[in-house]
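So that we are looking at the same thing, I have put the structure below in structure tokens.
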Amino acid sequence: MKNEKGAAFISGAARGIGKAIALELAKSGYYIIANYRSNAKAAEDTLAEIRGCGGEGEIIAFDVADTQQALPAMEEICSRTDRIDILVNNAGITADGLFVMMPENDWNTVLDTTLKGFYNLTRPVLKKMIPKKKGSVVSIASVAALLPNRGQANYSAAKAGLIGASRSVAAEVARLGIRVNVVAPGLIETDMIQDAPVQNIKSMIPMARIGKAEEVAKVVKFLCSDDASYITAQVISVNGGMF
Ligand code: NDP
């Protein structure tokens with residue numbers, strides 16, 4: 001099952017949802033290129049788990065929002081990789097606060113991580129996918145893009161922008177055999193929600209529980225697979241029934 005399907009690049013794959021996606025795709029036979037920003041120990045643990053389940057891959061550190069880091073890194077990866085079949089734009093951050101009090105830096109870093117990250121990663125990978133007429137791009141948005149949520153104007157804007165960008169790009173590359181979709185998780189048990197008022201939020205979830213990273217990863221795996229061959233430009237919610 002090793003490398004027979006080409007490579008899958010996953011941003012923010014050292015922890016949480018990105019790590020679960022990396023493991024699912026590794027088990028499906030993809031060579032995993034796992035990006036992270038700073039937590040090298042977590043990234044090395046992810047790579048060890050990929051190898052532990054019979055997969056292969058590598059880790060690469062750069063900030064997806066920083067064009068000076070991201071573009072040379074992506075060019076280098078694309079130049080030495082025969083096929084990148086999958087790109088998962090997963091890296092994302094929060095910097096919550098009421099909008100009228102929000103420092104400019106909290107607005108910029110949240111939007112840059114999501115939207116400049118999408119730009120910096122998706123363009124070079126699409127240029128690699130287009131000649132092969134094959135590929136799947138999945139970006140991780142959030143329920144916050146779809147439902148109003150106090151204190152997350154920056155995050156909601158970033159994730160709604162991600163949906164808009166993804167659907168536009170999907171329309172551009174659909175005839176080229178490349179599918180572009182979005183997964184919008186609800187509340188998922190990762191480091192990101194460690195300070196969230198989980199009990200309050202649980203009461204808003206019809207299934208009355210927090211989701212698992214693996215439950216998001218399995219949907220991403222499906223969207224990347226040939227089983228989803230007629231699905232593009234869609235937003236799939238994984239949120240326990242929130243609406
Ligand atoms: P975590 O905080 O658990 O993990 C985030 C990962 O992204 C880490 O590996 C981190 O790297 C990496 N990362 C963050 N910023 C950058 C950057 N600028 N460049 C490269 N890597 C970066 O988050 P989750 O797993 O919870 O979230 C994953 C995605 O899912 C995000 O886009 C998030 O917005 C979205 N999401 C999460 C929900 C949740 O409830 N958890 C709900 C809805 C959406 P490092 O380890 O080096 O810091």
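Within segment 1-15, restricting attention to residues that are outside any strand (DSSP E or B) and within 14 Å of the ligand (Cβ to nearest atom), which residue is most open to solvent (accessible area, probe 1.4 Å)?
Result: Arg15.
Looking at Gly97 and the list (1) away from the ligand (no atom under 11 Å from the Cβ); (2) within 30 Å of Asn154 (Cα to Cα); (3) open to solvent by less than 10 Å² (accessible area, probe 1.4 Å), which single condition is not satisfied?
Of the numbered conditions (1) away from the ligand (no atom under 11 Å from the Cβ); (2) within 30 Å of Asn154 (Cα to Cα); (3) open to solvent by less than 10 Å² (accessible area, probe 1.4 Å), the odd one out for Gly97 is (3).
Looking only at segment 16-45, which residues are in contact with a strand residue (DSSP E or B) (Cβ under 8 Å, 6 or more places away or on another chain) and near the ligand (Cβ under 6 Å from one of its atoms)?
Within segment 16-45, Gly16, Ile17, Gly18, Asn35, Tyr36, Arg37, Ser38, Ala42 meet the criteria.
Continuing with this model, one more query. If we only count strands (runs of 3 or more DSSP E) wholly inside segment 27-94, which ones have 1 or more residues that are out of contact with any Pro (no Cβ under 6 Å at 6 or more places or on another chain) and open to solvent by 60 Å² or more (accessible area, probe 1.4 Å)? Steps first, please.
On the way: elements: 31-36, 56-61, 84-89.
Those strands (runs of 3 or more DSSP E) span 56-61.
Consider Leu115 carefully, then state whether it is in contact with a Lys or Arg (Cβ under 9 Å, 6 or more places away or on another chain), more than 21 Å from Leu25 (Cβ to Cβ) and open to solvent by 50 Å² or more (accessible area, probe 1.4 Å). I'd like the intermediate steps shown before the answer.
On the way: in contact with a Lys or Arg (Cβ under 9 Å, 6 or more places away or on another chain): no; more than 21 Å from Leu25 (Cβ to Cβ): yes; open to solvent by 50 Å² or more (accessible area, probe 1.4 Å): yes.
So Leu115 fails the test.
If you don't mind, there's one more thing I want to ask. Take the residues in segment 133-147 that are among the small types (Gly, Ala, Ser) and within 8 Å of the ligand (Cβ to nearest atom), then tell me which one is surrounded by the most Cβ atoms within 10 Å (Cβ to Cβ).
So the residue we want is Ser142.
Tally time: how many residues in segment 152-180 are surrounded by 16 or more Cβ atoms within 10 Å (Cβ to Cβ), charged (D, E, K, R) and either under 16 Å from Met129 (Cβ atoms) or within 12 Å of the ligand (Cβ to nearest atom) (or both)?
Adding up the residues that qualify gives 2.
The values are calculated or read from the model by the stated rules, or taken from the named source; none is laboratory data. The structure displayed is predicted, hence computed values, not measured ones. Backbone-built Cβ (ideal geometry, glycine too); neighbour counts: all protein chains shown. In case anyone asks, the SASA skips ligands and DNA or RNA and just uses the protein heavy atoms, side chains included. Shrake-Rupley method; radii C 1.70, N 1.55, O 1.52, S 1.80 Å.
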